[in-house]
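Below is one structure, written out as structure tokens, with a few remarks after it.
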Amino acid sequence: MKSKILELLRSTNEYVSGQEICEKFGVSRTAVWKAVESLKKDGYVIEAVRNRGYKLEDTGVDIFNKRELCRALNGNGLISKAEFFEEIGSTNTEAKRLADEGEDEGLLLVADRQLSGRGRRGRDWISPSGKNVYYTLMLKPGILPNKAPMLTLVMALSVASAIEDLRKEAEGAKETSGVCKKQNDDLPKVSIKWPNDILIGGKKVCGILTEMSAENDYIHYVVIGVGINVKLQHFDKEIKDKATSIDEAFGSATNRCNLVGRIIAYFEKHYKAFLENEDLSLLKAEYESFLINKDKEVKILDPKGEYVARAIGINDIGELTVKKENGEIIQVYAGEVSVRGIYGYT
């Protein structure tokens, strides 16, 4: 009932009488009142005026729940099932459990807070509530296991594309508001630090962790976990110079459900392009347009010995192509890459 009333109020900018709602849904005025009060507790701003009815106010409030998530996904063809958690241990862990139980491809788990979030190499991922987006997408692609790592780059491109949309919208809002635009006053750029760190203005805003269950020639499932810093927040001393959030960088107020919807819409498109050739050939140019390493000096931390080279771009399977000082061109497929001027060599 709550969802039906909410959609009815969304369908108009005018007041909707309580009697009209009662007749449309065959419920009592008391039931309508209780549903509206419950929606208010969920964060929706609904004005109630005697003899006029109810009106949903567009206040820009970031309401982060399953109802808004499903609305933002808007029938996305990739998503078979979407679940929302106010709090969870780890969306990746839960997605793997459900995949082991036979859940279909396209499972999307979204959380406001994680208690056991993990980054690369088992590092903890700080997951406060009310600030960020944490989600995991579970896939069962019919590809060989050695091709699965490319999906991390597919997701990175999708996240960067969605955040770039927000940057452009924030730029447009500045211009239409009449704010005097000074030279070099553009909002900071969105970029990807190979292979999958998303940056805004050279500071990390998103991390991606991909895990897989597979045999030698068969993938049972892949889970792609994503954590995005969205709202203004305090970062610990050791990372405050390396991390940022979308709202801090753009001076915006991001709707988190809409952000997830945008990312998944991009991922659906990019995933289809990936599956067409089972590589990144159709996405390479778009990915490289965000690649902050491109044409930059990088330090390759190779177990056989560190060396400095210039990054050229990526190849069709997502390896970083670099040119060494002696002119040799090689493909980097493992190890850490650091970019001078972004993170130094750390």
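Here are some residues: I264, I239, I246. Which one is β-branched (V, I, T) and more than 14 Å from the chain's Cα centre (by Cα)?
Values: I264 fails: more than 14 Å from the chain's Cα centre (by Cα); I246 fails: more than 14 Å from the chain's Cα centre (by Cα).
Result: I239 is the single residue among I264, I239, I246 that is β-branched (V, I, T) and more than 14 Å from the chain's Cα centre (by Cα).
Taking the stated definitions as given, is A249 in contact with a Pro (Cβ under 8 Å, 6 or more places away or on another chain) and surrounded by 22 or more Cβ atoms within 10 Å (Cβ to Cβ)?
Working: in contact with a Pro (Cβ under 8 Å, 6 or more places away or on another chain): yes; surrounded by 22 or more Cβ atoms within 10 Å (Cβ to Cβ): yes.
Yes; evaluated as a whole, the condition is true for this residue.
For the range 2-16, name all the residues that are in a loop (DSSP other than H, G, I, E, B) and either at positive phi or at pLDDT 90 or above (or both).
Y15
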Go through the range 185-210 and give me each residue that's closer than 24 Å to Q331 by Cβ and acidic (D, E). D197
Name the helices (runs of 4 or more DSSP H) wholly inside the range 242-297 in which the number of residues that are basic (K, R), within 26 Å of I143 (Cβ to Cβ) and in the same structural domain as L139 (by TED's automatic domain parsing) is 3 or more. 256-277
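In the list A95, A99, A48, A82, which residue meets the criterion of being within 21 Å of K2 (Cβ to Cβ), in the same structural domain as K140 (by TED's automatic domain parsing) and among the aliphatic types (A, V, I, L, M)? Even if it seems obvious, please write down each step before you answer.
Working: A95 fails: within 21 Å of K2 (Cβ to Cβ); A99 fails: within 21 Å of K2 (Cβ to Cβ); A48 fails: in the same structural domain as K140 (by TED's automatic domain parsing).
Only one candidate qualifies: A82.
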Restricting the range 290-317 to residues that are on the phi > 0 side of the Ramachandran plot and not acidic (D, E), the one surrounded by the most Cβ atoms within 10 Å (Cβ to Cβ) turns out to be G313
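Of all the residues that make up the range 42-82, how many are of a type outside the set (G, A, S), in a strand (DSSP E or B) and either surrounded by 14 or more Cβ atoms within 10 Å (Cβ to Cβ) or under 18 Å from the mean Cα position of the chain (by Cα) (or both)? Show your work before the answer.
The initial filter retains those residues of the range 42-82 that are of a type outside the set (G, A, S), namely 42, 44-47, 49-52, 54-59, 61-71, 73-74, 76, 78-79, 81.
Restricting the remaining residues to those that are in a strand (DSSP E or B) gives 46-47, 49, 54-56, 81.
So of that shortlist, the ones also either surrounded by 14 or more Cβ atoms within 10 Å (Cβ to Cβ) or under 18 Å from the mean Cα position of the chain (by Cα) (or both) come out as 46, 54-56, 81.
Qualifying residue count for the region: 5.
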Of those in the range 83-121 that are more than 18 Å from the chain's Cα centre (by Cα) and under 17 Å from I228 (Cα atoms), the residue modelled with the highest pLDDT is G89
The range 241-255 residues that are farther than 22 Å from I342 by Cβ and in contact (Cβ under 8 Å) with a residue 24 or more places away in the chain, paired with ones that are in a loop (DSSP other than H, G, I, E, B) and of a type in the set (F, W, Y) (beta carbon under 9 Å, 6 or more apart): N255/F64
For G318, indicate whether it is closer than 25 Å to E164 by Cβ, outside the structural domain of N74 (by TED's automatic domain parsing) and out of contact with any strand residue (DSSP E or B) (no Cβ under 7 Å at 6 or more places or on another chain). yes
I need the full set of residues from the range 48-64 which are touching a residue at least 24 places away in the same chain (Cβ under 8 Å), at negative phi and of a type outside the set (S, T, Y), in order please. V49, R52, K55, L56, D62, I63, F64
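Considering only the range 314-334, state which residues are of a type outside the set (F, W, Y) and assigned to a loop (DSSP other than H, G, I, E, B).
Our first condition is that a residue be of a type outside the set (F, W, Y); within the range 314-334, this holds for 314-332, 334.
N315, D316, I317, G318, E319, E325, N326, G327, E328, A334, listed by residue number.
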Scan the range 318-337 residue by residue and report those that are closer than 20 Å to E278 by Cα, under 25 Å from the mean Cα position of the chain (by Cα) and buried (at least 17 other Cβ atoms within 10 Å of the Cβ). G318, E319, L320
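Only one of I163, I198 is assigned to a helix (DSSP H, G or I), under 26 Å from I88 (Cβ atoms), among the β-branched types (V, I, T) and touching a Cys at 6+ places or on another chain (Cβ under 8 Å); which? It would help to see each step written out before you state the result.
Details: I198 fails: assigned to a helix (DSSP H, G or I).
Only one candidate qualifies: I163.
The values are calculated or read from the model by the stated rules, or taken from the named source; none is laboratory data. Keep in mind it's a predicted model, so treat the numbers as computed, not measured. So basically every Cβ, Gly included, is an ideal-geometry build from the backbone, and we count neighbours across all protein chains shown.
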